[in-house]
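What follows is a set of notes on a single structure, which appears directly below.
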Amino acid sequence: MTDAPGTAGRYPIRTATAETMEWFAAPLNLAFAEMPDPGDEERRVWEPERIIAAFDGEQPVATAGALTFRLSVPGGEAAAAGVTLVGVSPAHRRRGILRSMMRHQLDDVRGRGESLAILWASEGAIYQRFGYGLATLNGSFEIARDRAVFARPAPPEGTVRLVDRDAAMDIFPSLYDRVRVQTPGMVARSETWWRWLTLHDTDQARGANGMKFLAVYEAGGDVEGTAIYRVKPDWDDRGPNGRLVAMEVLASTPRATRDLWSWLLNVDLVTQVRAVRAPVPHPLQLLLAEPRRLGFTVGDAIWLRVVDVPAALAARTYGRPGTLVLEVRDPFCPWNAGRWRLAAGEDGRGVVEPTTAMPDVTLDAGDLGATYLGTFRFSDLARVGRVVEGTAGALLRADALFAAAPAPWCGTMF
Ligand SMILES: CC(C)(COP(=O)(O)OP(=O)(O)OC[C@H]1O[C@@H](n2cnc3c(N)ncnc32)[C@H](O)[C@@H]1OP(=O)(O)O)[C@@H](O)C(=O)NCCC(=O)NCCS
């Protein structure tokens, strides 16, 4: 160790260019130790002008990046920074370098007029101190195929066909967008994202979980669902023992949900079916005769930071008309701190103004991040002492205003 904590000022932050971005992002490999080099596919979506590095002399020792996203929020969408590529070289940890990069990045996000920042955290403890709150949940399960029996079996109403990547490029994005605009937490994907990060298969991923299949569900002459899954074949002395991993299953109608899952649970030579990054709650919890057989587990998915409170509150709609005075504590982004009066009209839109009125609810910026998309209610946070109710009945009013359906979900890793 050559430096004491709190000496981050010794590590100036610079912004990358297209020519320097790989060099600027190099500390990531050191930070993650076992993380392989980001593949060419991943580099295609990097935005060099949003990648920063902290330098020790002429050497980049820490990096952070952001992607320009449109995030679905209840009733609309908002500009959001998708924070990614965060890592500090092990030899430079705990000197405040991450803190100084977060400062730089959130100021930049604000300057770009993005009211939200979102991220997937390697460890949840890292980002809460910077005002991020847990905003969506993910489920995963693994079920023995022979136990995956529907409670109310019904003949399929549509058909499933397999397509290649080029054909999928014409079908998957539009179905995704139909689901996306209705589902808080989903992000718009560019064409490059679709081709290279969603639909493309790599040798490395194929080696781990088998080849990637792209399935389209059609009924009544229309595409109503898509599924991306892998099948890893296996054989033992009792016969076939293949494993299927459902990576993304999207449906725009109830029959597509039911028929696609029925199909995925009945692929020949497969004995175990697993799903990752799945919505919570999951349709199979309601479709199966024995939902406990899923061994369903829930984990944290995206963390959300409200970067600009009035703009963020005005970007979403509200479940009913009404008013709410929020007192927000935000030491890391002090421009958000204070009292904000939200008035939601008959059309669901909210008007937000600073106020001196008594607060209905008092909470930290991170807790607003946890309630913003609708995953957690104000009353959930109050039960663990994170939200304080200032006026009688305010929690129920806040819950009703911020309620969202369907449950927020983000299946895009970045
Ligand atoms: C996590 C990481 C980026 C932190 O970088 P760093 O420069 O050491 O962090 P800082 O010194 O700026 O610490 C800022 C604060 O976060 C805390 N912190 C840092 N890493 C933490 C962790 N993994 N868990 C909990 N708290 C952590 C520090 O204690 C410090 O707290 P304080 O403000 O109360 O003093 C770095 O350890 C790393 O690269 N880890 C491996 C890769 C990784 O997980 N990246 C995140 C990808 S989402």
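The values are calculated or read from the model by the stated rules, or taken from the named source; none is laboratory data. Quantities reported herein were computed from a predicted structural model and do not represent experimental measurements. Cβ: placed from backbone, ideal geometry, glycine included. Neighbour counts: every protein chain shown.
In region 219-229 there is at least one residue that is polar (S, T, N, Q), in a strand (DSSP E or B) and buried (at least 21 other Cβ atoms within 10 Å of the Cβ). When region 88-105 is filtered for residues that are hydrophobic (A, V, I, L, M, F, W, C) and either within 7 Å of the ligand (Cβ to nearest atom) or crowded, with 21+ Cβ neighbours inside 10 Å (or both), the ones remaining, listed by number, are 88, 97, 98, 101, 102.
Residues are listed down the side, and each one gets a yes or a no for (1) away from the ligand (no atom under 12 Å from the Cβ); (2) modelled with pLDDT of 95 or more:
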{"site": "6", "(1), (2)": "no, no"}
{"site": "35", "(1), (2)": "no, no"}
{"site": "41", "(1), (2)": "yes, no"}
{"site": "47", "(1), (2)": "yes, yes"}
{"site": "55", "(1), (2)": "yes, yes"}
{"site": "64", "(1), (2)": "no, yes"}
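Summed over region 166-192, residues that are in a helix (DSSP H, G or I), surrounded by 17 or more Cβ atoms within 10 Å (Cβ to Cβ) and in contact with a strand residue (DSSP E or B) (Cβ under 9 Å, 6 or more places away or on another chain) total 6. Put simply, of 131, 124, 207 the only residue that is of a type outside the set (S, T, N, Q) and at positive phi is 131. Residues in region 310-341 that are crowded, with 17+ Cβ neighbours inside 10 Å and over 25 Å from the mean Cα position of the chain (by Cα): 324, 325, 326, 327, 339, 340, 341. Considering region 106-127, and only residues there that are within 13 Å of the ligand (Cβ to nearest atom) and in a helix (DSSP H, G or I), the residue that is nearest to residue 73 (Cα to Cα) turns out to be 127. Only residues that are under 15 Å from residue 256 (Cα atoms) and in contact with a strand residue (DSSP E or B) (Cβ under 9 Å, 6 or more places away or on another chain) were counted in region 144-161, giving 7.
Just one of the listed residues (130, 141, 55) is part of a strand (DSSP E or B), in contact with a strand residue (DSSP E or B) (Cβ under 9 Å, 6 or more places away or on another chain) and more than 18 Å from residue 410 (Cα to Cα), and it is 55.
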